[in-house]
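Some notes on the structure that comes next.
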Amino acid sequence: MPNFIRGYGYQGGGSREGWGRYIAEANYGRDLKEALSNPGDWGFSITAFGECLPYHENKISLNREVLDIYGLPTLIMDAEWKTNEKEMRKDMTAAGAEMLEAAGLKDVKTFDDGGNPGLGIHEMGTARMGRDPKTSVLNKWNQVHSLPNVFVTDGSFMTSASCVNPSLTYMAFTARAANYAVEELKKGNL
């Protein structure tokens with residue numbers, strides 16, 4: 001039984017070493033052509049993607065003391081993996097190695113570089129959707145509570161996306177928000 005909740009998935013693939021392996025070599029002319037005609041060794045790798053739970057403590061805020069080159073506040077990013085994510089990483093590593101070995105791969109090596117939040121793709125949750133402007137940035141239409149003519153439909157409105165690619169969800173919410181904005185424009189509300 002795992003020591004964590006929610007889940008994860010893998011992405012990966014196999015290929016042979018490419019011609020780039022000879023860039024540092026001293027082959028020229030026919031020697032280089034012969035070297036390039038020999039396919040390289042096979043390799044296979046997988047990368048695990050796990051869900052970070054939507055912790056309220058993980059947040060971004062404005063730093064009004066440090067300004068960017070345009071005089072605008074910079075961001076303070078305060079986020080960390082917690083126990084659930086650390087336990088999930090252990091399981092991802094062990095299960096990944098077990099899968100690869102069961103598939104017949106040899107010399108399986110695992111690693112966990114501890115990747116910090118923000119280094120992966122689809123980080124989200126910095127402009128949460130909700131009913132209360134005190135606890136969320138956006139209303140149910142992806143409209144900024146305090147700026148009704150601003151809509152946000154990137155990943156920031158979602159607090160989590162499990163371990164799947166959320167792009168189709170972004171597209172659906174964008175279409176929904178755009179439709180709402182058009183209707184509100186027609187009524188003269190925007």
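Rounded to the nearest 500, what is the chain's calculated 222 nm mean residue ellipticity when only DSSP H runs of at least 4 contribute -39500 (n - 2.57) each, over all residues?
-9000 deg cm²/dmol
Could you tell me the convex hull volume per residue, in Å³, taken over the Cα atoms of segment 35-185?
Dividing the Cα hull volume of segment 35-185 by its residues yields 222 Å³.
Among VAL108, GLY20, PRO39, which residue has its Cα furthest toward the positive end of the charge dipole of segment 1-118, with +1 on Lys/Arg Cβ and -1 on Asp/Glu Cβ?
Value computed over the given set: PRO39.
Aspartates and glutamates within cross-link reach of LYS140: Cα-Cα under 13 Å, excluding same-chain residues under 8 positions apart?
List returned: ASP132.
Calculate the dipole size of segment 1-152 relative to its Cα centre from +1 charges on Lys and Arg beta carbons and -1 charges on Asp and Glu beta carbons; express the result in debye to the nearest 20.
The dipole of segment 1-152 has a size of about 540 debye.
Pull up the cross-link candidates among the lysines for LYS134, meaning alpha carbon to alpha carbon under 20 Å and not fewer than 8 places away within one chain.
LYS59
Mind putting a number on the dipole of segment 121-190 about its Cα centre? Charges go on the C-beta only, +1 for Lys and Arg and -1 for Asp and Glu, and I need it in Debye to the nearest 20.
That gives segment 121-190 a dipole magnitude of about 220 debye.
In what sequence do PHE4, PHE157 fall when counting other Cβ within 10 Å, fewest first?
PHE4, PHE157
On a straight-distance basis, which lysines could pair with LYS109 in a cross-link, Cα separation under 23 angstrom, same-chain partners fewer than 8 positions away excluded?
LYS86, LYS90
Residue separation times 0.36 nm, minus the C-alpha to C-alpha distance between TRP42 and ALA178: what's the value?
44.2 nm
Give the shape of segment 1-118 as rounded, prolate or oblate, defined through the alpha-carbon gyration tensor: a ≥ b ≥ c are the square roots of its eigenvalues, a/c under 1.5 means rounded, and otherwise the shape is prolate if a/b is larger than b/c and oblate if not.
Oblate, since a/c reaches 1.5 and b/c is not below a/b.
To the nearest 0.05, how large is the calculated FRET efficiency for THR93 and LYS186 if R₀ is 45 Å and r is the Cβ-Cβ distance?
After rounding, the FRET efficiency stands at 0.25.
How do TYR70, TYR10 rank when sorted from fewest to most other Cβ atoms within 10 Å of their own Cβ?
Going from least to most buried by this count: TYR70, TYR10.
Every read-out reported here was derived from the displayed coordinates using simple, explicitly stated rules and does not represent laboratory data. Note that the structure is predicted; figures quoted are calculated from it, not measured. Counting neighbours? That spans all protein chains shown, and the Cβs are built from the backbone with ideal geometry, glycine included.
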